[in-house]
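The block underneath contains the structure these notes are about, expressed in structure tokens.
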Amino acid sequence: SDQMEEPGKKSSQPRTSGQKRRVTGLKDETRISEWEEEDFFWHTRILPILCELEKREDNIEHLCLACTKLHQALGEGNMLGKKFKRRNILLKTLYKLVDIDSDPLSLKLAKIILAMKVGGKNLLSVCKLAFKICRNEKNYFIIQNDTLLDYLLQVLWNEDLQTNHEALVYCMAAIKVMSEMEVLRFKMVSKGAVEMFLELMKQINNIKEHDTYFSKLGHLLVQLTATLRILANCALSRRQLSPSGAIPELCVALEQRSSDKDVCIWIVSVLSKLSTYSDFCAALADCSRCYIVFLALLNKYQKQQDLVIRIIFILGNITARNDQSREQFFKEKESVNTLTSLFQTYYELDLNALTWHHDRKEKKHLKYPSEAEDVLIKLIRVLANLSIHPRVGAALAAAHPVVGLLVTVLEHKSVDACEELVINAATTINNLSYYQVENSAVQDKKLHIAEMLLKLLMSDNMDAVVEAVRVFGNLSQHHEIRDFIMQKKIYKFMIALLDSKNREVCFPACGVLLNLTVDEDKRAFLMEEGGIEKLVDCLQDFGPADWQLSCLICKTLWNYSENMESAASCFGANTKALLTLLTALLGETPSLG
């Protein structure tokens, strides 16, 4: 400095000030150097490619190649993202090319634009572009072998849910299409996309109904849950969903969005798939409010078949698990009334559909099961599951509307035309007929039910026959039914079934025969129809391998032989064979008198 210093004072301040100037100068020089570098890179590497893009609008192949070079060069020059000062010039050039009708080119452009971290309307337009590319099946091959998914996942992870909700709808819609491709599903799982989707759902669930964005986010939730439904089919992605993470969030979303039918259908669709797996089904059963929500939806959307059938299917899976689930559902307010109302509604819909087709003489075009019948099949399965629980089953046995509707199915449906529906109805009646309760609707209708069961016994469907025999096994505890069996000669059929060599057939048939031998005046039929010989053969076939069935046979023989004077007069030619068999089973010589 040319300045004179005062005598006796140190000149430390000017030196310090000088050092500061030198540091600032270094920063400025560095910044200038960076600008010069960027400027040089822009003019030598980027600008030539942009010029190339502007000149060759008629040659798609060259444009695609130029876009690839541009993307690579921008990466090398650290020019991707929001901080690049010539970003607007670059984007302006790229957006001019978006209008060219070429999906391969659009794919290249979309990736560069997304890499530039655009926002607002620009983000919305590029997400729309990505969705347009993805939904065209002709592009599946190029999408599978590309990195567009990576950029879309970044958008989903980084962008604000409320500010960019519309862009996220298109982003998620594009990802949903991609999730249909096996290669990209695996890629999603490896990149943690499933956890990302659940986190996004959690964010949406945190936005309450009074919030401005609540209804707008319904569209995003539709795309999100539709994607989860696809992923639920894949074992690898299902493992990432985790029952404790996915199920509670899906249940919360379902309750919050109960007024949005589309959202409800997709969430229920995801839950219906997941409920077929034991760990997810257990997690769903543990969500205490799920029963309340399902019942509310069934009442709200009673004639919305696609929604109703999925909810009923879920309830069928939950109530198949254990008594706790059955009791919890049964205890919910109006649970049985809701099921009964649905039963009535869909039975009438089915009846009306049959009448309409009959009037138009279009019966040959009817498919089985019809939509209404499909609901009834799954609904009756829920009733069958519920009736396994002792207290619930006893209550349902006394529920006249429920039993009445089940009997109506047997009255108006044939097993040949509606196999699963009729067999499910018979199974449920069998479960309910087990309960000897006051005011039992099954007992009130027992003779009418027996008449309906005759149709099943005469069918060629062995599953239907077995279910009918099981019901007779329970109902034949009543003397009116035993008289009916003798009058209609059903006992002959029961004896004939002993030749089946099938435990599932022999056991209920033996049960009916045992009940018949309670009445002394009905015992003679066993000898007349060769029943004793068949029972002995049955005991020989199953023996010690099935003590439960063997016990039934022995009880029947015991009842039959009561008050008989000798074994020979009782068992005739079968005496020796029976004695040998019993000796072998007991390991000692029994006394038959």
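Read the figures in this text as sums done on the coordinates, not as results from a lab. Quick caveat, the model's predicted, so the values are computed rather than measured. Note that we place each Cβ from the backbone using ideal geometry, even for glycine, and neighbour counts take in every protein chain shown.
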- Task: Restrict the search to segment 437-495; then list the GluC sites (Glu not before Pro) that DSSP places in a loop and that have at most 15 other Cβ atoms within 10 Å of their Cβ.
- Result: GLU438
- Message: Explain nothing, just the number: relative contact order of the chain, from Cα pairs under 8 Å at least 6 residues apart, as a whole percent.
- Response: 6 percent
- Query: Extension gain MET462-ASN322, at 0.36 nm per residue separation less the Cα-Cα distance, in nm?
  - Reply: 47.6 nm
- Message: Using alpha carbons only, how many angstrom separate the centre of segment 502-581 from the centre of segment 110-178?
- Response: 75 Å
- Roughly what would the spin-label model give for LYS455 and ARG239, points 7 Å off Cα along C-beta, in nm? 5.0 nm
- trypsin sites (Lys or Arg not before Pro) within segment 366-410: which are DSSP loop residues with at most 11 other Cβ atoms inside 10 Å? LYS367
- Mean residue ellipticity (222 nm) of the chain, computed from DSSP H runs ≥ 4 via -39,500 (n - 2.57), nearest 500: -22500 deg cm²/dmol
- Note on the structure: If each K or R counts +1 and each D or E counts -1, the residues other than LEU456 whose Cβ falls under 14 Å of its Cβ total -4
- Task: Could you work out the mean projected area of the convex hull around the alpha carbons of the chain, in square nanometres to one decimal?
- Result: 48.4 nm²
- Query: Looking at segment 451-536, which trypsin sites (Lys or Arg not before Pro) are in a loop (DSSP not H, G, I, E or B) and have at most 11 other Cβ atoms within 10 Å?
  - Reply: LYS489, LYS501
- How much length is gained on full extension from LYS488 to SER278, taking 0.36 nm per residue of separation minus their Cα-Cα distance? 71.1 nm
- Note on the structure: Here the gain from full extension of TRP547 to ASN299, 0.36 nm per residue of separation minus their alpha-carbon distance, amounts to 84.5 nm
- Item | Exceeding the 23 Å Cα-Cα cut-off - candidates LYS132/LYS176; LYS488/LYS534; LYS121/LYS208; LYS132/LYS187 | LYS121/LYS208
- In whole Hz, what ³J(HN,Hα) sequence does segment 254-264 give by Karplus (6.51, -1.76, 1.60; θ = phi - 60°), x for Gly and Pro? 5, 5, 5, 9, 4, 8, 9, 4, 4, 4, 4
- Yeah, segment 489-593 with a ≥ b ≥ c from its alpha-carbon gyration tensor (a/c under 1.5 is rounded, else prolate when a/b outruns b/c, oblate otherwise) is oblate
- Message: Out of all Cα-Cα pairs in segment 485-527, roughly what percent, to the nearest whole number, are more than 16 Å apart?
- Response: 30 percent
- Can you flag which of LYS378/LYS492; LYS300/LYS331; LYS333/LYS413 are past 28 Å Cα-Cα? LYS378/LYS492; LYS333/LYS413
- Query: Over segment 489-593, what relative contact order in percent results from Cα pairs under 8 Å that are six or more residues apart?
  - Reply: 25 percent
- Query: So for SER414, SER335, fewest C-beta neighbours within 10 Å to most, what's the order?
  - Reply: SER414, SER335
- Two decimals is fine: what's Rg over Rh for segment 169-243, C-alpha atoms, Kirkwood radius as Rh? 1.00
- Task: Give me the distance in nm between label points sitting 7 Å out from Cα along the Cα-to-Cβ direction at TRP157 and ASN352, one decimal.
- Result: 5.2 nm
- How far apart, in nm, are two points set 7 Å out from the Cα along the Cα-to-Cβ line at LYS261 and at GLU37? 6.1 nm
- Query: Could you put ILE490, ILE60 in order, starting from the residue whose Cβ has the fewest other Cβ atoms within 10 Å?
  - Reply: ILE60, ILE490
